[in-house]
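A.B. asks: Below is the structure I would like to discuss, written out as structure tokens.
What follows is calculated from the coordinates using simple rules that are stated; it is not laboratory data. The structure displayed is predicted, hence computed values, not measured ones. Cβ: placed from backbone, ideal geometry, glycine included. Neighbour counts: every protein chain shown.
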Amino acid sequence: MAADKLRGHIDLILLTTLEGGPLYGLKIIQEVQARNGGAFFFKEGTLYPALHRLEKQKLIAVSAQLSDMGGPPRKVYRLTESGEKRLREEQTGWRSFSNAMQTFGGSA
């Protein structure tokens, strides 16, 4: 999927990815790729600004976790209650959009 088609959907993708539990940056990237079969992916330059924005909006929280590789602690991201609520709202909106697009003979 082209990057321009991701615009406006990054929050939904990230919140949905974190719905399964806390993840650090590289695991988020891997999870997104695994879920969409490689159709699109986040580069670090897209991922981290989006995560920082979601943190500033209090939709996700960040904590430090010791690295299993012996390096510096990793930043681990998790949904907050506000993030869970926003996720439900975004999913409802996406379902409505997807259903409306199907009336035009395609699937969203």
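A.B. asks: Within segment 73-96, count every residue that is within 16 Å of G20 (Cα to Cα) and outside any helix (DSSP H, G or I).
C.D. replies: Of the residues in that region, 5 qualify.
A.B. asks: Another one. Filter segment 26-72 down to the residues that are touching a Lys or Arg at 6+ places or on another chain (Cβ under 7 Å) and not in a loop (DSSP other than H, G, I, E, B), then identify the one that is surrounded by the most Cβ atoms within 10 Å (Cβ to Cβ).
C.D. replies: I60
A.B. asks: Ok, one more. Quick check on V32: is it among the β-branched types (V, I, T) and in contact (Cβ under 8 Å) with a residue 24 or more places away in the chain?
C.D. replies: It is false that V32 is among the β-branched types (V, I, T) and in contact (Cβ under 8 Å) with a residue 24 or more places away in the chain.
A.B. asks: So for segment 87-99 (the condition being surrounded by 15 or more Cβ atoms within 10 Å (Cβ to Cβ) and either in contact with a helix residue (DSSP H, G or I) (Cβ under 7 Å, 6 or more places away or on another chain) or in contact (Cβ under 8 Å) with a residue 12 or more places away in the chain (or both)), does at least one residue qualify?
C.D. replies: Within segment 87-99 (the criterion being surrounded by 15 or more Cβ atoms within 10 Å (Cβ to Cβ) and either in contact with a helix residue (DSSP H, G or I) (Cβ under 7 Å, 6 or more places away or on another chain) or in contact (Cβ under 8 Å) with a residue 12 or more places away in the chain (or both)), the answer is yes, since at least one residue qualifies.
A.B. asks: Where residues in segment 63-108 are among the aliphatic types (A, V, I, L, M) and under 14 Å from the mean Cα position of the chain (by Cα), which of them is farthest from I29 (Cα to Cα)?
C.D. replies: L87
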